[in-house]
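*Asks:* This is the structure I want to talk about, given as structure tokens.
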Amino acid sequence: MNAPFSPSTLEQLRQDLAQTPRQLFINGRFEAAASGKLIDVVDPATGQNFAQVAAGEAEDIDCAVRAARAAFDGPAWSGTHPSARARLMLKLADLIEAHGERIALTETLDNGMPFMMAKFAAVMGAAEQLRYNAGWATKLAGETLNPSSPGEWHAYTLREPVGVVGAIVPWNFPFVMAVSKIAPALAAGCTVVLKPAEQTPLSAVILAELIAEAGFPEGVINIVTGYGETAGAALVDHPLVDKISFTGSTSVGKKIVCAATGNLKRVTLELGGKSPVMIFGDADVERAIPAAAMGIFGNAGQVCAAGSRLFVHESVYDRVVEGISARAASLRLGSGLLPTTEMGPLVSDEQRRRVLGYINSGADEGANVQVGGQAADGDGYFVQPTVLTGTASGMKVVEEEIFGPVLCAMRFGDDDLEAIAAQANASQYGLAASIWTRDISTAHKMARRVRAGTVRINGGGGVDPAMPLGGFKQSGWGRENGKAGVENFTELKSVTVAL
Ligand code: ADP
């Protein structure tokens with residue numbers, strides 16, 4: 001099988017990355033961190049350093065925030081018509097597609113995900129985010145209202161941009177996550193300082209190049225690579241930032257809520273999950289099996305909405321668990337650059353140790369390792385796709401987010417929907433849920449009963465820019481995507497005119 005990319009592009013990229021450390025992008029210019037510090041970037045498929053990126057800190061964040069503030073407060077961006085903002089966003093989408101191979105290769109080297117996943121989920125997903133949100137730039141509007149106070153009134157609302165946005169993103173889908181925050185912010189008329197994850201900073205630097213090429217005014221989008229505790233914390237703390245849009249772990253999300261109180265920034269959070277997959281006795285099991293396997297082994301389980309708790313009716317339990325386990329055993333692990341690879345490594349050694357620790361804790365608490373359970377051979381941070389059976393609520397592997405390719409399988413015996421929903425809802429999280437049944441009534445009843453922000457019935461599928469995404473309970477605050485997502489980057493103002 002031939003590589004689905006040009007080997008010379010990869011070679012050129014590798015040479016270029018090895019020679020030149022990547023810089024910060026502040027006020028339209030590329031520059032080193034004020035401290036001169038660098039972060040080593042590791043290829044998780046080999047464990048080798050292959051690039052360096054500037055380690056921005058508080059001083060760099062301050063420069064970036066001031067640039068974003070000036071761009072927001074001045075006419076260059078706020079005075080730009082919505083249609084002109086939309087055109088710039090559409091141009092950036094085209095540039096992303098035109099540079100898709102380089103972006104996807106960077107994503108694969110940096111994060112480990114298979115190249116085709118990087119191409120479709122990251123590059124195409126990012127272009128679609130920009131195109132979808134570009135449409136909102138010209139359509140965000142207030143309403144006219146009818147007050148009941150005595151007198152005659154003309155009353156209406158205005159939707160105004162919230163201001164300077166600090167966007168903090170994780171390492172699991174670095175490029176599309178960054179664009180998913182920038183796109184609605186731009187549509188709403190905000191300016192942005194983006195802080196990529198320290199593990200996967202490289203594709204954001206390509207994004208900066210394309211932003212410059214697209215012709216956005218200086219300071220509208222600034223990108224500061226750096227560590228969470230330094231650059232990320234400085235961004236959350238900064239008094240000139242109006243909103244933080246964060247995607248990452250629930251524990252860091254809680255820290256951000258506390259740190260944002262200084263100037264009462266708006267905060268939206270897209271956090272962890274422990275999403276249930278419920279397969280009823282009448283389900284189309286042959287479709288449910290590959291979808292459930294993809295839902296937990298896709299991107300090596302490093303997906304906030306991964307279907308990590310499987311509840312199966314006892315009449316089909318053995319068939320489903322055997323089917324998913326067979327797929328797990330046959331998945332080809334390897335470098336994301338190999339065309340045969342179906343599952344890449346975990347992002348870091350730390351993450352691999354964490355995931356293996358969870359698998360061991362499951363075994364200690366009485367779970368059976370049906371398949372997988374080990375680190376895979378080789379230098380990279382690979383963990384075998386793993387199915388645990390004999391799991392039950394109360395076990396750490398069932399309660400906590402593992403963020404790896406580990407499925408906990410449980411059975412249910414009766415058809416009492418309330419009892420099944422109670423099991424599915426027995427979690428601190430509420431991000432997503434999947435329901436598999438041919439009974440239309442069961443499907444919709446369960447969709448109502450499950451406490452999760454995203455429900456899928458009889459199908460898997462990825463994130464769609466039109467579909468709101470976000471969590472109940474400790475899975476987050478607010479929604480991304482859709483109208484709700486872009487409105488989260490606005491303030492609502494009411495205006496009353498006495499006639
Ligand atoms: P994960 O647990 O998936 O690695 P994290 O929640 O730790 O994800 O990280 C997500 C993003 O949050 C990263 O960009 C990281 O640098 C950033 N981050 C981590 N700690 C903080 C913090 N205290 N303040 C702001 N950002 C942080």
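The values are calculated or read from the model by the stated rules, or taken from the named source; none is laboratory data. Fair warning: this is a prediction, and the values are worked out from it, not measured in the lab. Using ideal geometry, Cβ is built from the backbone for each residue, glycine included, and neighbour counts are taken over all protein chains shown. Just so you know, the surface numbers come from the protein's heavy atoms only, side chains and all, with ligands and any DNA or RNA stripped out. Shrake-Rupley method; radii C 1.70, N 1.55, O 1.52, S 1.80 Å.
*Asks:* Using +1 on the beta carbon of Lys and Arg, -1 on that of Asp and Glu, and nothing else charged, what's the dipole of the range 230-291 about the Cα centre, debye to 20?
*Replies:* Values: 7 positive and 6 negative charges, 80 e Å.
For the range 230-291, the charge dipole is close to 380 debye.
*Asks:* Oh, and also: Can you give the helix-only mean residue ellipticity at 222 nm for the chain, where every DSSP H stretch with n ≥ 4 adds -39500 (n - 2.57) and the sum goes over all residues, rounded to the nearest 500 deg cm²/dmol?
*Replies:* Numbers: 17 runs with 190 residues, N = 499.
After summing the helix terms and dividing by residue count, I get -11500 deg cm²/dmol.
*Asks:* Under a 1.4 Å probe, what is the accessible area of the chain per residue, stated in Å²? All intermediate terms of the calculation are to be shown ahead of the outcome.
*Replies:* Working: 20020 Å² over 499 residues.
In whole numbers, the chain has 40 Å² accessible per residue.
*Asks:* For the range 289-335, what Kirkwood radius comes out of the mean inverse Cα-Cα distance, in Å?
*Replies:* Values: mean 1/r = 0.0884 Å⁻¹.
Kirkwood hydrodynamic radius for the range 289-335: 11.3 Å.
*Asks:* Only bridges whose two residues both fall in the chain count here: according to DSSP, what percent of them are antiparallel, nearest 5?
*Replies:* Details: 30 of 69 bridges.
Roughly 45 percent of the DSSP beta bridges within the chain come out antiparallel.
*Asks:* Same structure, new question: How large is Rg/Rh for the range 426-499, to two decimals, with Cα atoms and a Kirkwood Rh?
*Replies:* Details: Rg = 16.5 Å, Rh = 14.3 Å.
Reported Rg/Rh, Kirkwood definition of Rh: 1.15.
*Asks:* Can you compute log10 of I(q)/I(0) for the range 337-480 with the Debye formula, treating each Cα as one identical point scatterer, at q = 0.09 Å⁻¹?
*Replies:* For the range 337-480, the Cα-only Debye profile gives -0.34.
*Asks:* Pick out, from THR46, GLN23, VAL455, the residue whose Cα sits farthest towards the positive end of the charge dipole of the chain, with +1 on the Cβ of Lys and Arg and -1 on the Cβ of Asp and Glu.
*Replies:* Of the options given, the answer is VAL455.
*Asks:* What residues have an amide H closer than 5 Å to that of PHE382, excluding those fewer than 5 places away on the same chain, when H is modeled at 1.01 Å from N in the peptide plane?
*Replies:* Under 5 Å from the amide H of PHE382: LEU346, ALA376.
*Asks:* D for the range 1-159, whole µm²/s, Stokes-Einstein with Kirkwood Rh over alpha-carbon pairs at 4 °C and 1.567 mPa s: what number? Please report the intermediate quantities before stating the final value.
*Replies:* Working: Rh = 19.4 Å.
Estimated via Stokes-Einstein, D reaches 67 µm²/s.
*Asks:* Leaving ligands, DNA and RNA out of it, rank HIS444, HIS81 by accessible area with a 1.4 Å probe, largest first. It would help to have the intermediate numbers written out before the result.
*Replies:* Details: HIS444 105, HIS81 130 Å².
Output order, biggest surface exposure first: HIS81, HIS444.
*Asks:* With a 1.4 Å probe and every protein chain kept in, tell me what percent of the accessible surface of the range 65-156 is carbon plus sulfur. Don't jump to the answer; show the numbers that get you there.
*Replies:* On the way: 2410 of 4200 Å².
Reported share for carbon and sulfur atoms: 57 percent.
*Asks:* Per 10 Å bin, what percent of the C-alpha pairs of the range 135-211 does each bin hold, from zero upward?
*Replies:* 17, 35, 22, 13, 8, 4, 0
*Asks:* From the mean inverse distance of alpha carbon pairs (Kirkwood) and the Cα radius of gyration, derive Rg over Rh for the range 9-71.
*Replies:* Computed over Cα atoms, the ratio is 1.08.
*Asks:* Pull up all non-local amide H partners of SER434: gap of 5 or more, or a different chain, and H-to-H distance under 5 Å with H placed in the peptide plane.
*Replies:* VAL277, MET278, ARG456
*Asks:* How long are the semi-axes of the equivalent ellipsoid of the range 303-359, taking √(5λ) for every eigenvalue λ of the Cα gyration tensor, in whole Å from largest down?
*Replies:* Working from the Cα gyration tensor, I get semi-axes of 25, 17, 10 Å.
*Asks:* Okay, moving on. I need the per residue convex hull volume for the chain, using only the alpha carbons, in cubic angstrom as a whole number.
*Replies:* On the way: hull volume 76.1 nm³, N = 499.
Normalising the Cα hull of the chain by residue number yields 153 Å³.
*Asks:* Would you be so kind as to identify which of GLY378, GLY413, THR200 lies farthest towards the positive end of the dipole of the chain, taking Lys and Arg as +1 and Asp and Glu as -1 on Cβ and the Cα centre as origin?
*Replies:* The Cα lying farthest towards the positive end belongs to GLY413.
*Asks:* Shifting gears a bit: Can you give me the % of accessible surface on the range 323-445 that is carbon or sulfur? Probe 1.4 Å, all protein chains present, nothing else counted. It would help to have the intermediate numbers written out before the result.
*Replies:* Working: 2290 of 5190 Å².
Roughly 44 percent of what the probe reaches on the range 323-445 is carbon or sulfur.
*Asks:* Calculate the radius of gyration of the Cα atoms of the range 257-400 to one decimal place, then report Dmax, the largest Cα-Cα distance, as a whole number, both in Å.
*Replies:* 17.0, 56
*Asks:* Evaluate the charge dipole of the chain about its Cα centre and quote only its size in Debye, nearest 20, assuming +1 on the Cβ of each Lys and Arg and -1 on the Cβ of each Asp and Glu. Show your work: numbers first, answer last.
*Replies:* Details: 42 positive and 52 negative charges, 180 e Å.
The dipole of the chain has a size of about 860 debye.
*Asks:* What residue among VAL397, VAL312, VAL165 has its Cα farthest toward the positive end of the dipole of the chain, where the charges are +1 on Lys, Arg and -1 on Asp, Glu, each on the Cβ?
*Replies:* Toward the positive end, the furthest listed residue is VAL165.
*Asks:* Tell me, what ³J(HN,Hα) does each residue in the range 380-397 have, in order and in whole Hz, if you take phi through Karplus 6.51 cos²θ - 1.76 cosθ + 1.60 with θ = phi - 60° and put x for Gly and Pro?
*Replies:* Karplus-based 3J(HN,Hα) across the range 380-397 equals x, 9, 8, 10, 4, x, 10, 10, 9, 10, x, 8, 8, 4, x, 6, 4, 5 Hz.
*Asks:* Based only on the alpha carbon positions, what is the Kirkwood hydrodynamic radius of the range 184-284, in angstrom? All intermediate terms of the calculation are to be shown ahead of the outcome.
*Replies:* On the way: mean 1/r = 0.0639 Å⁻¹.
Hydrodynamic radius (Kirkwood, Cα only) of the range 184-284 equals 15.6 Å.
*Asks:* Follow-up. Using a 10 Å Cβ count of at most 12 others and DSSP loop calls, identify the longest part of the chain lacking such trypsin sites (Lys or Arg not before Pro).
*Replies:* Numbers: sites that count: LYS139, ARG332, ARG438.
The longest uninterrupted stretch comes out as 140-331.
*Asks:* Can you list the HN-Hα couplings for the range 418-429, worked out from phi with the Karplus curve (6.51, -1.76, 1.60; θ = phi - 60°), rounded to whole Hz and with x for Gly and Pro?
*Replies:* Working through the residues one at a time gives 4, 5, 5, 4, 4, 5, 4, 8, 7, 8, 6, 9 Hz.
*Asks:* List, largest first, the extents of the alpha carbons of the range 92-180 along their principal axes, each in whole Å.
*Replies:* 65, 24, 18
*Asks:* How long are the three semi-axes of the equivalent ellipsoid of the range 215-334, in whole Å, if each is the root of 5 times an eigenvalue of the C-alpha gyration tensor, listed from largest down? Let's see the in-between values first.
*Replies:* Numbers: eigenvalues 346, 56, 30 Å².
So the three semi-axes of the range 215-334 are 42, 17, 12 Å.
*Asks:* For the range 111-126, take each phi angle, set θ = phi - 60°, evaluate the Karplus expression 6.51 cos²θ - 1.76 cosθ + 1.60, and give the result in whole Hz per residue in order, putting x for glycine and proline.
*Replies:* 9, x, 5, x, 3, 5, 5, 4, 5, 7, 6, 8, 6, 5, x, 5
*Asks:* To continue, here is another question. Taking amide H atoms as placed 1.01 Å from N in the peptide plane, list the residues 5 or more away in sequence, or in a different chain, whose amide H sits under 5 Å from that of VAL193.
*Replies:* Amide H to amide H, under 5 Å and 5 or more residues apart or across chains, VAL193 pairs with VAL165, GLY166, ALA167, ASN222.
*Asks:* Let me ask another. Roughly how many debye, to the nearest 20, is the charge dipole of the range 95-184 about its Cα centre, given +1 on each Lys and Arg Cβ, -1 on each Asp and Glu Cβ, and no other charges? Please list the in-between numbers first.
*Replies:* Working: 6 positive and 8 negative charges, 19 e Å.
The calculated dipole for the range 95-184 is roughly 100 debye.
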